[in-house]
Amino acid sequence: MLFAVPGWAEAGDTPSEATWDAIRPDLFGEKTIDAEPVLRLNAPARAEDAALVPIEVHVDLPANDSRSIKAITLVVDENPSPLVAAFKLGEGRRQFSLSTRIRVNSYSYVRAVGETSDGRLHMAKAFVKAAGGCSAPAGKDPVEAKANLGKMRFRDFSGTGSKEAQLQIRHPNYSGMQMDQVTRLYTPAWFVQTLSVSQGQKPIFSMEGGISLSEDPTFRFSYDKDGQPITVDARDTDGNEFKRAFPADGGS
């Protein structure tokens, strides 16, 4: 897991590329990252809740571009663990949208880096003003969180005219920086580490996540209903495995 060095950048109003310049080689080596507008990233300029910052990534390759998008990596420069999650997409996707909620610990650039089928990297970024997202207390009672651990909801939005679906997994996703208000001790990190979502036998996406994903991880993504059931397989850092199959009509 990659950790940022405290003090690399101040949590001020002025965006800084200093941290990115320092962590980029560890994330992507020496590969060139193009400014070509393959991706769009939507994020709030000032977050209402630093522990639940909504972000949207949209990929829409031009009609004359034969490439597809194969991976999307989310990064928050100033988080203690900058790598939020790495997503691998199913083959042949030329358009793809992905929304989720993340933690932002101090004023920071949020970045989406996409890899196209030719191996090139492309980046979109947004500066988000938020603080304390990684250390904010959990929103749910620990007993309740454990009682509902691994429960899932799947919703198909095709009835509204949107070619998207949404998946939620109940999990506290503890960051390791949150203090138990009773014991005054830090709650150990415990989060959804891997996730795969398939439609029939075809993968839609898989994910490797970290502490910067919000509790009860939620993903809204491009989805064309084709009569095939949806299967979800998730694992957390304690080795718990959560599996669920949803019918083709998107019932939860």
From 186, 109, which residue is free of Cβ contacts under 8 Å to residues at least 40 places away in the same chain and among the aromatic types (Phe, Trp, Tyr)? 186
Could you grab me the full set of residues in the stretch 216-250 that are touching a residue at least 40 places away in the same chain (Cβ under 8 Å), open to solvent by less than 30 Å² (accessible area, probe 1.4 Å) and part of a loop (DSSP other than H, G, I, E, B)? 216, 217, 223, 250
Here the residues within the stretch 90-124 that are charged (D, E, K, R) and either within 19 Å of residue 213 (Cβ to Cβ) or part of a loop (DSSP other than H, G, I, E, B) (or both) are 91, 93, 94, 101, 103, 111, 118, 120
Restricting to the stretch 216-225, what's the tally of residues that are at pLDDT 95 or above and among the acidic types (Asp, Glu)? 1
Among the residues of the stretch 97-124, write down those that are under 14 Å from the mean Cα position of the chain (by Cα) and not small (Gly, Ala, Ser). 98, 100, 101, 102, 103, 104, 110, 111, 113
Conditions (1) among the aliphatic types (A, V, I, L, M); (2) touching a residue at least 60 places away in the same chain (Cβ under 8 Å); (3) more than 30 Å from residue 35 (Cα to Cα); number of the one not met by residue 192: (2)
Residue 194 over 26 Å from residue 163 (Cβ atoms) and among the β-branched types (Val, Ile, Thr): no
Taking the stretch 151-175 and keeping only residues that are over 15 Å from residue 204 (Cβ atoms), surrounded by 17 or more Cβ atoms within 10 Å (Cβ to Cβ) and among the small types (Gly, Ala, Ser), one is left with 175
So for the stretch 178-198 (the condition being over 17 Å from the mean Cα position of the chain (by Cα), closer than 20 Å to residue 57 by Cα and open to solvent by 70 Å² or more (accessible area, probe 1.4 Å)), does at least one residue qualify? no
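The values are calculated or read from the model by the stated rules, or taken from the named source; none is laboratory data. In this text the structure is predicted, and so the values were computed from the model without any measurement. Every residue, glycine as well, gets a Cβ built from its backbone with ideal geometry; the counts of neighbours run over all protein chains shown. Accessible surface areas use protein heavy atoms only, side chains included; no ligands, DNA or RNA. Shrake-Rupley method; radii C 1.70, N 1.55, O 1.52, S 1.80 Å.
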